[in-house]
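The values are calculated or read from the model by the stated rules, or taken from the named source; none is laboratory data. Given the structure is predicted, the values throughout are model-derived calculations rather than measurements. FYI the Cβ positions are ideal-geometry reconstructions off the backbone, even for glycines, and counts take in every protein chain you see.
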Amino acid sequence: MTTTTRTTADWQALDAAHFLHPFTDFQALAKKGSRIIERGENVYLWDTDGHRLFDAMSGLWCVNVGYGQQALIDAATAQMTKLPFYNSFFQTTTPPAVELAELLAEVTPPQFKHVFFAGSGSEGNDTVIRMVRRYWDLKGQPERQVILSRWNGYHGSTMAGASLGGMKYMHAQGGLPIPGIDHIDQPHWLEHGAGMTRDEFGLKAAGWLEQKILEVGPDKVAAFIGEPVQGAGGVIVPPATYWPEIQRICDQYGILLVSDEVITGFGRTGNWFGCETMGTRPDLMTFAKGVTSGYVPLGGVMVGERVAKVLIEQGGEFEHGYTYSGHPVACAVALANIRLMREQRLVERVRDETGPRLAAVFESLRDHPLVGETQSCGLMAALQLVRAKDGTDGRGTPFDPALEVGMVCRGHCFGNGLVMRAVGDRMIIAPPLVMTVEQVDELAGLIRLCLDLTLADLQARGWV
Ligand code: PXG
């Protein structure tokens, strides 16, 4: 709790004076003043001016059980009272970390019996690189160093995470990627699939992995990492043919498959993990965000038996770990979060009720003059803003990117009580998994209102 009462302007001035925000143009924000979010309940947020917002981004893809869940609050309080911290180095452990490891083995696919805990998704992916290279060392193939990933994938913001990720603007700052990481194009049909059906394109895009493996040398490639559905890249749902073909290629060349489930894990796609939705059998799986619904930071890597067996039986010491690996408070909150998800059948609700309803809503939005392609998977969805809807394949004519039409739309969303993200001209959502079918309809109404306001605004500017 803060100890002082301040006005919005006070908070903005203090914020600008002292707080360097992530992924932010500091000067531009200081000029404009940040939005101060003060309170949350269920799927709603309130700012310091008392405005209510429908949080269709679940905080930052994480508050899956919604705000104000007493069971998580109680779990944190009880654990902080009993034992706020102890480490898991030096042959020690704590009961919440052990119980969470057991529960994770239960809710993840059957190949996963072990977990390595970290503090975030980025740290989890750092662990992935260390672990993958260690695995191949122990297998007697130390030359297998190269990890392949995709352009416009997102895997975090540490040196390792940003290197695995395919955001060129991130690579441009700080001399990235680090050595031994290489990228292939993303399975984005709108960008690369002209003249092909989605299924044809899915096979072609997976083929880029095989081409890259042959180019690098099959005996040098250690692993392939990808998000089942790209999140930060713009909710890009790959064609159904893509992931099974990726799995086939990884199997053929003996390459480890890593599923980055930081966003898609814990129910987001209508199964516990996105790999189940996409039909892959990953060897490693990064998680964070939804494991605690973001109430406290926790991340980690699920380690499949293929890798775990080698690390355990042939390993000796694995020289890696974080102070907060297995933090007892974070693990206690994760336990409460996963139990709540089970009690409330959240994954089943996304699969059978809210997910299909959201899919129908996004399909119906295609009648709007500004909307080209729409995509959804469970409770994540995207719509592409277009200048004109020519043709029949949903491509339409894009806006000039310099106009930043997505940001115009985003402004109308914030101004009318809706948090919806813009990735270029692609508007994306990932609402809390606790939302009801009625709230999906409420969200649909808000989105349509904001699209109408955006259209009127663009017409007034003469951009459409
Ligand atoms: N992998 C994936 C797939 C992610 O989405 C990370 C790793 C890194 O997690 P940490 O906990 O280190 O942030 C993420 C994080 C956005 C946005 O703009 C997305 C993320 C983080 C910040 C912003 O959509 N995803």
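Does Ile37 qualify as being in contact with a Leu (Cβ under 6 Å, 6 or more places away or on another chain) and either assigned by TED's automatic domain parsing to the domain that holds His327 or surrounded by 12 or more Cβ atoms within 10 Å (Cβ to Cβ) (or both)?
Values: in contact with a Leu (Cβ under 6 Å, 6 or more places away or on another chain): yes; either assigned by TED's automatic domain parsing to the domain that holds His327 or surrounded by 12 or more Cβ atoms within 10 Å (Cβ to Cβ) (or both): yes.
Against the criterion (in contact with a Leu (Cβ under 6 Å, 6 or more places away or on another chain) and either assigned by TED's automatic domain parsing to the domain that holds His327 or surrounded by 12 or more Cβ atoms within 10 Å (Cβ to Cβ) (or both)), Ile37 qualifies.
Go through region 425-464 residue by residue and tally those that are touching a Lys or Arg at 6+ places or on another chain (Cβ under 8 Å) and surrounded by fewer than 23 Cβ atoms within 10 Å (Cβ to Cβ). Reasoning before the result, please.
Step one: list which residues in region 425-464 are touching a Lys or Arg at 6+ places or on another chain (Cβ under 8 Å), which gives 427-430, 433, 437, 440-441, 463-464.
With surrounded by fewer than 23 Cβ atoms within 10 Å (Cβ to Cβ) added as a condition, the list becomes 437, 440-441, 463-464.
Looking only at that region, the number is 5.
Return the residues of region 388-410 that are surrounded by 16 or more Cβ atoms within 10 Å (Cβ to Cβ) and modelled with pLDDT of 95 or more; say none if nothing qualifies.
Phe399, Val405, Gly406, Val408, Cys409, Arg410 - these are the residues of region 388-410 that are surrounded by 16 or more Cβ atoms within 10 Å (Cβ to Cβ) and modelled with pLDDT of 95 or more.
Can you tell me which condition Gln384 does not meet? The list is (1) within 16 Å of the ligand (Cβ to nearest atom); (2) touching a Lys or Arg at 6+ places or on another chain (Cβ under 9 Å), and all the others hold.
Going through (1) within 16 Å of the ligand (Cβ to nearest atom); (2) touching a Lys or Arg at 6+ places or on another chain (Cβ under 9 Å) one by one, Gln384 breaks only (1).
Given the criterion modelled with pLDDT of 95 or more and within 15 Å of the ligand (Cβ to nearest atom), identify the matching residue among Gly279, Gly270, Gly254, Gly233.
Values: Gly279 fails: within 15 Å of the ligand (Cβ to nearest atom); Gly270 fails: within 15 Å of the ligand (Cβ to nearest atom); Gly254 fails: within 15 Å of the ligand (Cβ to nearest atom).
Matching residue, one of Gly279, Gly270, Gly254, Gly233: Gly233.
Here is a check on your reading of the model: is Ser163 crowded, with 19+ Cβ neighbours inside 10 Å, among the small types (Gly, Ala, Ser) and under 21 Å from the mean Cα position of the chain (by Cα)? Even if it seems obvious, please write down each step before you answer.
Working: crowded, with 19+ Cβ neighbours inside 10 Å: yes; among the small types (Gly, Ala, Ser): yes; under 21 Å from the mean Cα position of the chain (by Cα): yes.
Spelling it out, Ser163 is indeed crowded, with 19+ Cβ neighbours inside 10 Å, among the small types (Gly, Ala, Ser) and under 21 Å from the mean Cα position of the chain (by Cα).
Which condition breaks for Ala97 when tested against (1) among the hydrophobic types (A, V, I, L, M, F, W, C); (2) assigned by TED's automatic domain parsing to the domain that holds Ser293; (3) modelled with pLDDT of 95 or more; (4) out of contact with any Cys (no Cβ under 7 Å at 6 or more places or on another chain)?
Looking at each condition in turn, Ala97 falls short on (4).
Would you check if Leu449 is more than 16 Å from the ligand (Cβ to nearest atom), under 25 Å from the mean Cα position of the chain (by Cα) and not assigned by TED's automatic domain parsing to the domain that holds Gly274?
On the way: more than 16 Å from the ligand (Cβ to nearest atom): yes; under 25 Å from the mean Cα position of the chain (by Cα): no; not assigned by TED's automatic domain parsing to the domain that holds Gly274: yes.
The answer is no for Leu449.
If we keep just the residues of region 124-155 that are buried (at least 22 other Cβ atoms within 10 Å of the Cβ) and free of Cβ contacts under 8 Å to residues at least 60 places away in the same chain, which is nearest to Leu311 (Cα to Cα)?
Taking the candidates together, the pick is Ile129.
In the set Gly424, Gly415, which member is touching a helix residue (DSSP H, G or I) at 6+ places or on another chain (Cβ under 6 Å), assigned by TED's automatic domain parsing to the domain that holds Asp367 and of a type in the set (Gly, Ala, Ser)? Talk me through it step by step, then tell me what you get.
Numbers: Gly415 fails: touching a helix residue (DSSP H, G or I) at 6+ places or on another chain (Cβ under 6 Å).
Of the residues listed, the single one that is touching a helix residue (DSSP H, G or I) at 6+ places or on another chain (Cβ under 6 Å), assigned by TED's automatic domain parsing to the domain that holds Asp367 and of a type in the set (Gly, Ala, Ser) is Gly424.
Scanning for something among the small types (Gly, Ala, Ser), under 23 Å from Tyr253 (Cα atoms), out of contact with any strand residue (DSSP E or B) (no Cβ under 8 Å at 6 or more places or on another chain) and surrounded by 14 or more Cβ atoms within 10 Å (Cβ to Cβ), does region 182-196 turn up at least one residue? Before the answer, list the steps.
Of the residues in region 182-196, the ones among the small types (Gly, Ala, Ser) are 193-195.
Retained after the next criterion (residues that are under 23 Å from Tyr253 (Cα atoms)): none.
Looking through region 182-196, none of the residues is among the small types (Gly, Ala, Ser), under 23 Å from Tyr253 (Cα atoms), out of contact with any strand residue (DSSP E or B) (no Cβ under 8 Å at 6 or more places or on another chain) and surrounded by 14 or more Cβ atoms within 10 Å (Cβ to Cβ).
Considering every residue within region 115-129, establish whether at least one is over 19 Å from the mean Cα position of the chain (by Cα) and among the charged types (D, E, K, R).
no
Looking only at residues in region 152-198 that are assigned to a strand (DSSP E or B) and of a type in the set (Val, Ile, Thr), which one is nearest to the ligand (Cβ to nearest atom)? Break it down into steps so the answer makes sense when it comes.
Of all residues in region 152-198, those assigned to a strand (DSSP E or B) come to 181-184.
Pick out the ones that are also of a type in the set (Val, Ile, Thr) and you get 181, 184.
Working: Ile181: 15, Ile184: 17 Å.
Per the stated criteria, the residue is Ile181.
Looking at this structure, is Gly300 within 13 Å of the ligand (Cβ to nearest atom), more than 16 Å from Val63 (Cβ to Cβ) and of a type in the set (Gly, Ala, Ser)? Even if it seems obvious, please write down each step before you answer.
Details: within 13 Å of the ligand (Cβ to nearest atom): yes; more than 16 Å from Val63 (Cβ to Cβ): yes; of a type in the set (Gly, Ala, Ser): yes.
So Gly300 fits the description; yes.
Tell me whether region 129-141 contains one or more residues that are within 13 Å of the ligand (Cβ to nearest atom) and on the phi < 0 side of the Ramachandran plot.
In the first step, residues of region 129-141 are kept if they are within 13 Å of the ligand (Cβ to nearest atom); the result is 129.
This time we only want the ones that are on the phi < 0 side of the Ramachandran plot, so: 129.
Yes, region 129-141 has at least one match.
Could you tell me which numbered condition Glu261 fails, if it satisfies all but one of (1) within 16 Å of the ligand (Cβ to nearest atom); (2) buried (at least 23 other Cβ atoms within 10 Å of the Cβ); (3) in contact (Cβ under 8 Å) with a residue 60 or more places away in the chain?
(3)
Within the bounds of region 80-102, is there any residue that is acidic (Asp, Glu), under 30 Å from Gly316 (Cβ atoms), away from the ligand (no atom under 16 Å from the Cβ) and out of contact with any Leu (no Cβ under 8 Å at 6 or more places or on another chain)?
Of the residues in region 80-102, the ones acidic (Asp, Glu) are 99, 102.
If we keep only those that are under 30 Å from Gly316 (Cβ atoms) too, we end up with 99, 102.
So of that shortlist, the ones also away from the ligand (no atom under 16 Å from the Cβ) come out as 99, 102.
Right, trim to out of contact with any Leu (no Cβ under 8 Å at 6 or more places or on another chain) and you get 102.
Taking every residue of region 80-102 in turn, at least one turns out to be acidic (Asp, Glu), under 30 Å from Gly316 (Cβ atoms), away from the ligand (no atom under 16 Å from the Cβ) and out of contact with any Leu (no Cβ under 8 Å at 6 or more places or on another chain).
For region 229-238, give me the residue count where each residue is out of contact with any strand residue (DSSP E or B) (no Cβ under 6 Å at 6 or more places or on another chain) and surrounded by 24 or more Cβ atoms within 10 Å (Cβ to Cβ).
Residues of region 229-238 out of contact with any strand residue (DSSP E or B) (no Cβ under 6 Å at 6 or more places or on another chain): 231-233, 238.
Filter once more, keeping what is surrounded by 24 or more Cβ atoms within 10 Å (Cβ to Cβ): 231, 238.
Count: 2.
Might you check whether a residue that is more than 16 Å from the ligand (Cβ to nearest atom), under 26 Å from Val301 (Cβ atoms) and modelled with pLDDT under 95 occurs anywhere in region 199-216?
Quick first cut of region 199-216, residues more than 16 Å from the ligand (Cβ to nearest atom) only: 199-216.
So of that shortlist, the ones also under 26 Å from Val301 (Cβ atoms) come out as 205-206, 208-210, 212-213, 216.
Those left that are additionally modelled with pLDDT under 95: none.
No: region 199-216 contains no residue that is more than 16 Å from the ligand (Cβ to nearest atom), under 26 Å from Val301 (Cβ atoms) and modelled with pLDDT under 95.
Say we look at region 44-74 and pick out the residues that are within 16 Å of the ligand (Cβ to nearest atom) and part of a loop (DSSP other than H, G, I, E, B); which of these is surrounded by the most Cβ atoms within 10 Å (Cβ to Cβ)?
Checking each candidate, the answer is Asn64.
For the structure I just gave you, tell me whether Ala422 is farther than 24 Å from Gly68 by Cα, free of Cβ contacts under 8 Å to residues at least 60 places away in the same chain, in a strand (DSSP E or B) and out of contact with any Leu (no Cβ under 8 Å at 6 or more places or on another chain).
Working: farther than 24 Å from Gly68 by Cα: yes; free of Cβ contacts under 8 Å to residues at least 60 places away in the same chain: yes; in a strand (DSSP E or B): yes; out of contact with any Leu (no Cβ under 8 Å at 6 or more places or on another chain): yes.
So Ala422 fits the description; yes.
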